[in-house]
Amino acid sequence: MNDYIVELKNIQKKFENVFVLKDVNFGIRDRETVSICGTSGAGKTTLINIMGLLEFPTHGNIFWEDQNVIICNAKRLSQMRAKIFGYIFQRCNLIPELNVIENILFPKRITSKISMPDLELAKELLQRVRLGGFENRNVWTLSGGESQRVAVVRAMINRPRIVIADEPTGSLDEKSAHITMDMIINLCREYDSSLLLITHNQLFAKKMQTSYILNNSELKPFDYAKSEQ
Amino acid sequence: MNWCLYLALKQLFPTGKRFSFFSIMSIIGVALGVMVLFVVQSVMNGFQHEIRQTIIATQGEARVNANNGVLYNADSLGNFLKNQSEVAALARYAYGIGMLEYNNRSIFPIIKGIDFENEIKIVELQKFIKKGNLQNFDNRSIILSSELASQIGATVGSSVEIYSPMMLKALQTNEIILPRTLKVVATYETGYRQADENVAMVMLDTVQDLYGLEEGVHGISLKLKPDVRPEKFAFELNKNLTYPIHAASWQEINKDLLFVLKTEKTMMFFILVFILLVAAFSITSSMTISVIRKTREIGLINALGGTIRQCEACFMIQGLIIGIAGSVIGIAVGALILKFRNDIISVFVKLCGIEDFMLKFYSFANMPATYQLGDIFTLVTFAVVICCLAGVLPARKIAKIKPADALRNE
Ligand SMILES: Nc1ncnc2c1ncn2[C@@H]1O[C@H](COP(=O)(O)OP(=O)(O)OP(=O)(O)O)[C@@H](O)[C@H]1O
Ligand SMILES: [Mg+2]
């Protein structure tokens with residue numbers, strides 16, 4: 001028995017008879033930080049979409065605390081998405097019709113009602129990503145780095161068990177990529193969330209406790225320390 | 001607040017922009033349709049109401065007649081009717097076609113004989129008099145409609161000659177009855193064409209004399225007490241009347257005209273509803289475009305815990321909001337237009353320089369308009385339902401979206 005909170009077992013995914021994932025076994029532990037790297041088109045996004053319950057595998061099972069979620073209905077799945085996961089995508093993370101604070105509180109709005117403490121938390125988190133005072137800014141006035149940091153705050157607002165970040169710094173310059181990445185790692189540590197990170201950046205991957213590489217539709221553990229020797 | 005409603009409102013009225021072009025245009029489209037329908041219906045209601053009032057004012061609310069034959073026992077029937085608790089007043093009448101001649105010009109109007117003392121309790125004759133007055137009205141005088149008077153060139157004070165069919169019959173037995181000379185004491189206009197075109201009024205006994213009816217009349221017209229429904233009254237009364245004597249409400253007597261008016265209103269509704277349909281089509285097309293544009297956003301909302309169904313609901317709600325907002329604005333603007341309708345018309349008329357023309361053909365100085373809550377209700381329901389339906393197609397597009405693919409969408 002391992003202590004994974006989410007576990008993928010024997011996952012296969014085909015797109016039009018082409019295997020993107022072939023018999024992948026993978027899991028993430030409480031408060032663990034994991035990185036996945038791999039060439040473009042290897043299927044990294046597909047893998048974490050399956051883990052994040054955004055996509056179904058062609059074969060295989062997904063377990064959340066030993067409950068098979070493949071058999072859950074759409075409503076239950078969306079509840080799990082909202083409660084368990086916080087997502088950060090590469091770009092276009094925000095809803096343009098809402099301002100910064102409304103975007104951040106939107107997941108809360110979906111799961112429950114917004115209360116004073118939520119507002120306090122949102123403001124505090126904004127302070128933490130150095131966006132204090134940005135509450136009422138319209139999202140189209142934000143720079144790329146600022147939007148990503150707003151997305152980070154939004155991912156944290158429901159205090160997720162797992163933060164899934166798909167190349168969150170992919171469209172940022174190196175300096176702001178570092179700043180943003182450190183914020184993600186620190187916030188995850190502070191709020192006891194696991195972190196699943198897809199990145200091409202070795203420096204970031206090295207900061208994770210566990211690293212994987214996705215190659216030829218297979219997922220293998222990868223040790224940066226060894227590869228450098 | 002439910003988040004679907006919240007997002008729908010935000011998509012229509014985004015934070016930070018004063019308005020969204022799409023929602024304003026859609027709402028204006030619906031409002032225009034609702035407004036036009038509302039105004040046209042109200043004006044038609046107004047005219048209809050006016051016509052009904054005129055009919056009642058000129059004909060009374062009900063009539064009892066002998067299947068269009070002559071009624072010889074009018075007195076006992078009159079007493080019977082007088083004893084009905086619903087009856088406020090009654091008056092006998094008789095009529096026939098005759099030839100009127102003045103200055104060698106002749107016309108063939110309906111000569112209506114009225115029981116003057118009682119008739120004025122039913123019909124406000126005085127109100128319709130244009131020239132002359134009723135004080136001198138006796139069995140040697142006649143009241144013409146303005147139109148008849150102008151056709152033969154007669155005015156108040158002229159003496160006209162009246163020939164009845166009786167005179168022709170008399171000729172067969174080599175008798176000669178001389179035409180009756182009557183003095184025009186007044187001219188009238190009711191505003192109701194049927195009456196204005198072709199009716200001249202004389203005393204009842206003049207008609208009885210001219211047509212050899214003796215004591216017979218053609219019917220009795222009735223004025224009912226307030227709150228008595230003429231149709232119901234006539235129906236109940238007929239249970240106590242024997243053939244050929246028959247009571248008819250004004251609605252029954254004029255049922256063809258009333259049917260035409262009603263059909264006119266319904267047809268107008270159907271034609272104008274197309275404005276709303278066009279508005280709905282444009283809502284559908286712009287919403288569909290916005291669904292395609294927002295594909296990624298829908299994927300994102302899905303990742304944040306919303307279901308695809310809820311995203312569909314969000315778009316349907318947008319349709320609903322547009323429908324409701326459009327209806328409210330449409331009714332409000334419509335009510336405003338109706339309130340100032342006469343000012344608007346007079347400005348329009350002056351701008352076009354057709355003032356005299358308009359006043360001659362329509363008495364537009366006071367255009368009638370009444371609105372009925374039932375009409376407003378139907379109209380608003382219709383508009384809202386159409387707008388909701390406009391959201392259906394975009395919503396079905398959303399149903400086909402796969403969240404993972406939507407998120408890959410750039
Ligand atoms: N809906 C789909 N239909 C067909 N093929 C698809 C679909 N979605 C993804 N693919 C294919 O699956 C493969 C894996 O895609 P995926 O997005 O997971 O790659 P990735 O590792 O995230 O690449 P990148 O680093 O460029 O983001 C690609 O070859 C892609 O073309
Ligand atoms: Mg990817």
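At a probe radius of 1.4 Å, figure out the A/B buried accessible area, summed over both chains, and give it in Å² to the nearest 100. Write down the numbers at each step before the final one.
Working: alone 11730 and 22870 Å², together 32070 Å².
When A and B are taken together, about 2500 Å² of accessible area is lost.
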#### Entry: Lys, Arg +1 and Asp, Glu -1 on Cβ, resulting dipole of the range B:76-126 about Cα centre, debye, nearest 20
100 debye
### Message
Residues of the range B:302-322 losing 20 Å² or more of accessible surface, assembly versus chain alone, probe 1.4 Å, please list them.
### Response
B:Asn302, B:Ala303, B:Leu304, B:Gly305, B:Thr307
### Among beta bridges that DSSP assigns inside the range B:62-227, antiparallel share in %, nearest 5
75 percent
### A:Leu195 long-range amide H proximity, modeled H, under 5 Å
A:Glu32, A:Thr33, A:Val34, A:Val163
### Message
Just to confirm the number: angle between the C-alpha axis of helix B:308-339 and the first principal axis of chain B, 0 to 90 degrees, nearest 10?
### Response
40 degrees
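When DSSP assigns beta bridges and you keep just the ones with both residues in the protein assembly as shown, what percent turn out antiparallel, to the nearest 5?
Numbers: 57 of 85 bridges.
Rounded to the nearest five, the antiparallel share is 65 percent.
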### Summary
Going residue by residue through the range B:261-273, the Karplus relation 6.51 cos²θ - 1.76 cosθ + 1.60 with θ = phi - 60° gives ³J(HN,Hα) values, rounded to whole Hz and with x marking Gly or Pro, of 4, 5, 4, 4, 5, 5, 4, 4, 4, 5, 5, 6, 4
## Note on the structure
the range A:1-70 and the range B:119-189 have their Cα centres apart by a whole-number Å value of 103 Å
### Task
Could you size up the charge dipole of the protein assembly as shown around its Cα centre, putting +1 on the beta carbon of Lys and Arg and -1 on that of Asp and Glu, and report it in debye to the nearest 20?
2180 debye
### Task
Using Cα centres only, tell me the gap between the range A:77-141 and the range B:269-323 in whole Å.
25 Å
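Using alpha-carbon pairs under 8 Å, 6+ residues apart, how would you state the relative contact order of chain B in percent? The partial results should precede the final answer.
Values: 647 pairs, mean separation 113.5, N = 410.
Worked out over chain B, it gives 28 percent.
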### Summary
So the angle from the long Cα axis of helix A:100-111 to the longest Cα principal axis of chain A, reported in degrees to the nearest 10, equals 60 degrees
#### Entry: In order through the range B:177-183: 3J(HN,Hα) via Karplus (6.51 cos²θ - 1.76 cosθ + 1.60), integer Hz, x for Gly, Pro
9, 7, x, 8, 9, 10, 9
### Summary
Among GluC sites (Glu not before Pro) in the range A:1-32, those in a DSSP loop whose Cβ has at most 11 other Cβ atoms within 10 Å are A:Glu16
### Message
From Cα pairs below 8 angstrom and at least 6 apart in sequence, can you work out the relative contact order of the range B:62-227, rounded to a whole percent?
### Response
40 percent
### Message
How tilted is helix A:74-84 with respect to the longest principal axis of chain A? Cα atoms for both, answer in degrees (0 to 90, nearest 10).
### Response
70 degrees
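Suppose only helical runs count, i.e. DSSP H with n ≥ 4. What mean residue ellipticity at 222 nm does that imply for the protein assembly as shown under -39500 (n - 2.57) per run, divided by all residues and rounded to the nearest 500 deg cm²/dmol? Before the final figure, lay out the partial values.
Values: 27 runs with 325 residues, N = 639.
Here the helix-only value at 222 nm equals -16000 deg cm²/dmol.
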#### Entry: Radius 15 Å from Cβ of B:Asn118, net charge of other residues (Lys, Arg +1; Asp, Glu -1)
-1
### Task
Using a 10 Å cut-off on Cβ atoms, rank the peptides A:164-170, A:202-208, B:114-120 from the highest mean neighbour count down.
A:164-170, B:114-120, A:202-208
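Pull up the DSSP beta bridges for chain A and report the antiparallel fraction as a percent, rounded to 5. It would help to have the intermediate numbers written out before the result.
Numbers: 20 of 38 bridges.
Rounded to the nearest five, the antiparallel share is 55 percent.
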### Query
Rounded to the nearest 20 Debye, what is the dipole magnitude of the range A:4-228 about its Cα centre when Lys and Arg each give +1 and Asp and Glu each give -1 at the C-beta?
300 debye
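The values are calculated or read from the model by the stated rules, or taken from the named source; none is laboratory data. Bear in mind the structure is a predicted one, so any value in this text is a computation, not a measurement. Methodologically, a virtual Cβ is constructed for each residue, glycine included, from the backbone with ideal geometry; neighbour enumeration extends over all protein chains shown. These area figures cover heavy atoms from the full protein model, side chains too; ligands, DNA and RNA do not enter into them. Shrake-Rupley method; radii C 1.70, N 1.55, O 1.52, S 1.80 Å.
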